[in-house]
Structure formats: C-alpha cells, structure tokens
Amino acid sequence: MAKQMMMPPDDLASRWEYTNKIRLWNQECVSQRKVFVQTFGCQQNEADSEKYLGMAVSMGYKATDTPDNADLIIVNTCAIREHAEKKALSIIGQYKHIKAKNKDLIIGVCGCMVAQEHRREELKMKYPYVTFTLGTASLHHLPRVLWEAIESKKRLITTDSDVDFTETVAEGMPVRRGSDYRAWVSIMYGCNNFCSYCIVPYVRGRERSRKKEDIIAEVKALVAEGYKDITLLGQNVNSYGKGTDTDFADLLAELDTVEGDFWLRFMTSHPKDASHKLIDVMAGGKHIAHQFHLPLQSGNDAVLKAMNRHYDMNRYMDSIHYMREKMPGITVTSDIIVGFPGETEDQFEDTLTALKEVQFDMLYSFIYSPRKGTPAAEKEQIPDTVKGNRFDRLLATQNEIAKEKNLLLQDQILRVLCDGVSKGDPGVYSGRTEGNKIVFFKGTPDMVGQFVNVKIDKTEAFALWGEIEKT
Ligand code: SAH
Ligand code: SF4
Ligand code: F3S
C-alpha cells in the first residue's frame, strides 16, 4: 500500500523550525498554554514521555499535572497486554468531557498502541476528539505533526506514515526529567526477537542502537548534574551494538570509568545475550549495581521453545550460577508469564520448581494476554479460571521465597538512595537499595536524593525497614 504521507527526512534544523513556529504561536496567546502528558507502560515509555514533555516545554507550553486545564494532552500508550490498552482507551474516553469544554484542546495519542492499525482505526472512528497519533519511532516528529494539526485544524490519524522503523536514531531532543537524582537513558530501541506472545517487535520495530559517544556524553552530563541512579534502557538492552564493533559489555565498562558517586543499572536483558563477559564487567565495576533483571518467562524447556525464547533452563541456570559466583549477594529479579497457550499443569509446575531453584528476590508475574498479530494468539487458549489459579499459586510460591531472601538482609547496613517521605507517615522516608529494594526509615528532608546508610531491623517479602546508621 502506498504511503499517504511521506515523512520528511529528519534533521535537527527542521525540528527546530517547527518548534519555533509553535513557540511564536504560543507567545501570541494571552495566557500560557499548558501541556499534560499521561504515561502507560514500561520505563522506555516513561523515558519517551520525558522527551514529549521536554519538546512541548521547548515549544512554549507550561507543564501541568492535571488534564483538566491542559491545552495539549499527550497520551503515551502501551500495548503489552489487553489491560494496558483498555486502560489507555478508557482514559482517552474521559478526555471527551475536557474537549467539550475547550474546543481548541489538542489530544495526541502516541506510543505502542497506535502503532497497530486496528487501534488507529478505532481512534479514528470512535474517538473523534483525538487530534493526532504518533508512533514510537517518530516521537521526534512531534513539533511538525503538532504544527500541521494547528495549521490545518485537521485530524492526523495516519494509517502507516507515522511509524517508520527504518529511521536512524534521533538525537538532540529536549528532555524534561521526572527526577533530579534518578534518570533513564535509552541506549537502544526496538526488538528483533519476536517471542511468540509479544507485541513489542511489531510496535517498536527493529533494533537500533545509539552511538556510544552520545550515550557516554549523556551519562557524563547526568553525573555532573548530580544524578545518582542511572538506568540504561532497551527492550533488549544487552544486545546493544549488534552489528557494530562494540557490544553492551564494552559500553558498560566504558561508562563505569565516569568519575562520580552513582549507581549504573540496565534493563531489560534477554537471557540469550547474558554473557559471562557482561557478568565479569559487572563484577569488576565500580558503579554498576549488583542487580540483574533477567526475564525467565517459563521454567519448562518446551514452553520456552514455543515462546521462541532461544534458551533453555540449563543455559539460564548457567547465567544465574555465574553471576552469583562472581557477585555474591546480587539481587536477581525476573518476569514470568502463566497460561501461555498449551501450557500443561506439569509444565506450569516446572516453573514453580524453577522459582524454588533460582530464588529470585522479586518477580513480575503476568497472566498471558493474547496479542493480535502474534503467533501465540492464534493457538488454542487456556481457560481464564486455570490461568487465574496458576497465577495465585505462582504468587504464593514467590512470596515465601522473597520473604526468605529479604530475611538474609536482617541487621545488615545497606546503602540507600532516599526518595522522600513515604505515603501515609510524614516522619517515615523511603528509598531504594543497590538491588532496587524498597527501604523505610526515619529520615529528614535533607536526605532526599542523597545516599544514606540504613541498618535493617525488619524485613518482609516486598520491603525492608531500618534505622539510619550515622557514619
Ligand atoms: N523486553 C523485555 C520485556 C518486555 S515486556 C524482555 O524481553 O524481557 C515485559 C514483560 O511483559 C515480559 O517480560 C513478559 O513477561 C510480559 N509480557 C509480554 N507479552 C505478554 C503477553 N502477551 N501477555 C502477558 N505478559 C506479557
Ligand atoms: Fe518482547 Fe521477547 Fe522482545 Fe522482550 S525479547 S520485547 S519479550 S519479543
Ligand atoms: Fe508497553 Fe511498549 Fe513498553 S508495549 S511495555 S510501552 S515497549
């Protein structure tokens, strides 16, 4: 099918031209126009939203934390499970009332959900107050698309033009970060793995890595600004640099030489790319957090094969043993899907056995959700009641493991990056450990955004408690 509208080649100059046009248009407005960004989905989307907000602010909008008084609403959507899409559509539905009060309101729906044609069609037909859509690979085109919408007063729900995955990685977008001590740094985009259940390769396109120099410059600048917890992001972060003369372990080793007091983490890794070289770099690093999120998905080899994961339990356990040998005390977390089509009771029990064997510190568990266009969605599905029952058993098993793992931290003094006052109790502060575990302690306002030492005196499956240890 011919493209309805061709993307102009991306160059920074044309982006700034549109940015300036909108800035001038905004300056003519008596009261400053406001932008609200609503984010669903993973850290990658959060990082993208910081760019949407950064671009909008550079176009003269003022950030607002409520959609009610916004002149521009950007909804950054997720498509990973049906629930994520339903939630986004329901929120978009609520914006109808805001549009009714402000006819000049511009609503842009961006992110993974709108990379699917059937969802764009749905937005076009059933959500007439949505102004434009923008795919994940085209976020840097926001100024142009927004200007076209303002000028033409037309809706720009394009069929395929806003998803161009062949583009090179765009640099130079302004970023409005949500924190001044924790930062996301996207280092690669897209995914080539096509796990049979997953929509990501279809909505985020093929793997593209940023240039090493650009990443190093960004991390150096963040550390110089005082950022203390930097997370490198990618759908398949450890396949960074494939097809070039560098790899993820090399990048990490180089970033580790940046001077300063900070933690460096990364997510999400694919077990097939979790090399010994990477683990060696982590173990020898100065700043690299001893934390590994390594999604297992299932503990049964036949299910892993049907999921197209390209590793088996042997390969997975080799990585776990090697990282624990090199970094005793490392925090290991994972993702599991229950109810994948065809998963038998015995195969599910293999997953429970794997959990007991690996002893994850924490688990993100998901009930399989069929995704239109993926191979697994075509298979015969498992009844919801069976899925629900397996999910409950998975949680119960993991709960016991997490409790035992955290008990090992009793009486230890842990370095914690303080986030602020915990909800509910003004004297109690919370923070995160190197392993990303949440800790509660009595603190003071000056501790926010700083490292503190906390002696752990109570532990549960999902949190730790302690007292500040004066040095
Ligand atoms: N790139 C990452 C994960 C991205 S999605 C990786 O490969 O590990 C995050 C998690 O969502 C996945 O690890 C998987 O456990 C879960 N997930 C993905 N597709 C799903 C689906 N269709 N139904 C339920 N869970 C899913
Ligand atoms: Fe999805 Fe698999 Fe790619 Fe992760 S590696 S994003 S689960 S296709
Ligand atoms: Fe969702 Fe897209 Fe992330 S589908 S999980 S927001 S990559």
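The values are calculated or read from the model by the stated rules, or taken from the named source; none is laboratory data. Computed from a prediction, not measured in an experiment: that's the story for all the values here. All Cβ positions, glycine included, derive from the backbone under ideal geometry; neighbour counts span all protein chains shown. Note: areas computed on protein heavy atoms with side chains; ligands, DNA, RNA excluded. Shrake-Rupley method; radii C 1.70, N 1.55, O 1.52, S 1.80 Å.
The residues of region 344-360 that are of a type outside the set (A, V, I, L, M) and either within 15 Å of ligand 2 (Cβ to nearest atom) or open to solvent by 10 Å² or more (accessible area, probe 1.4 Å) (or both), listed by number, are THR344, GLU345, ASP346, GLN347, GLU349, ASP350, THR353, LYS356, GLU357, GLN359. Of all residues in region 274-288, those being closer than 19 Å to ASP229 by Cβ and either touching a helix residue (DSSP H, G or I) at 6+ places or on another chain (Cβ under 6 Å) or surrounded by fewer than 16 Cβ atoms within 10 Å (Cβ to Cβ) (or both) number 3.
The condition of being acidic (Asp, Glu) and surrounded by 21 or more Cβ atoms within 10 Å (Cβ to Cβ) holds for GLU85.
If the condition is being more than 14 Å from the chain's Cα centre (by Cα) and of a type in the set (Asp, Glu), then region 45-81 contributes ASP65, ASP68, ASP71. Of the conditions (1) open to solvent by 10 Å² or more (accessible area, probe 1.4 Å); (2) within 16 Å of ligand 1 (Cβ to nearest atom); (3) assigned to a helix (DSSP H, G or I), PHE366 clears all except one; give me its number. Failing condition for PHE366: (3).
From the residues in region 183-202 that are over 14 Å from the mean Cα position of the chain (by Cα) and more than 10 Å from ligand 1 (Cβ to nearest atom), which one is modelled with the highest pLDDT? This residue is PHE194. Within region 29-43, residues that are assigned to a helix (DSSP H, G or I) sit with their Cβ atoms under 8 Å from residues that are open to solvent by 40 Å² or more (accessible area, probe 1.4 Å), at 6+ positions apart or across chains, in these pairs: GLN43/TRP184; GLN43/MET267.
Tell me, which residue of region 314-355 that is assigned to a helix (DSSP H, G or I), hydroxyl-bearing (Ser, Thr, Tyr) and in contact with a strand residue (DSSP E or B) (Cβ under 9 Å, 6 or more places away or on another chain) is nearest to GLU400 (Cα to Cα)? It comes out as THR351.
Scanning region 65-73 turns up at least one residue that is open to solvent by less than 10 Å² (accessible area, probe 1.4 Å) and in a loop (DSSP other than H, G, I, E, B). Could you please find all residues in region 356-374 being without any contact (Cβ under 8 Å) to a residue 60 or more places away in the chain and out of contact with any strand residue (DSSP E or B) (no Cβ under 7 Å at 6 or more places or on another chain)? LYS356, GLU357, GLN359, listed by residue number.
Looking only at region 424-467, count how many residues are over 27 Å from LEU363 (Cβ atoms), buried (at least 18 other Cβ atoms within 10 Å of the Cβ) and among the hydrophobic types (A, V, I, L, M, F, W, C). Qualifying residue count, region 424-467: 2. Only one of the listed residues (ASP104, ASP48) is more than 16 Å from ligand 2 (Cβ to nearest atom) and either outside the structural domain of TYR129 (by TED's automatic domain parsing) or of a type in the set (D, E, K, R) (or both). That residue is ASP104. When the residues of region 224-239 are narrowed to those that are open to solvent by 20 Å² or more (accessible area, probe 1.4 Å), of a type outside the set (Gly, Ala, Ser) and at pLDDT 95 or above, which ends up farthest from ligand 2 (Cβ to nearest atom)? Within region 224-239, the match that is farthest from ligand 2 (Cβ to nearest atom) is GLU225. Going by the structure shown, is ASN300 more than 15 Å from ALA376 (Cα to Cα), away from ligand 2 (no atom under 16 Å from the Cβ) and surrounded by fewer than 19 Cβ atoms within 10 Å (Cβ to Cβ)? Answer is no for this residue. Residues in region 245-254 include none that are within 16 Å of ligand 2 (Cβ to nearest atom) and open to solvent by 20 Å² or more (accessible area, probe 1.4 Å).
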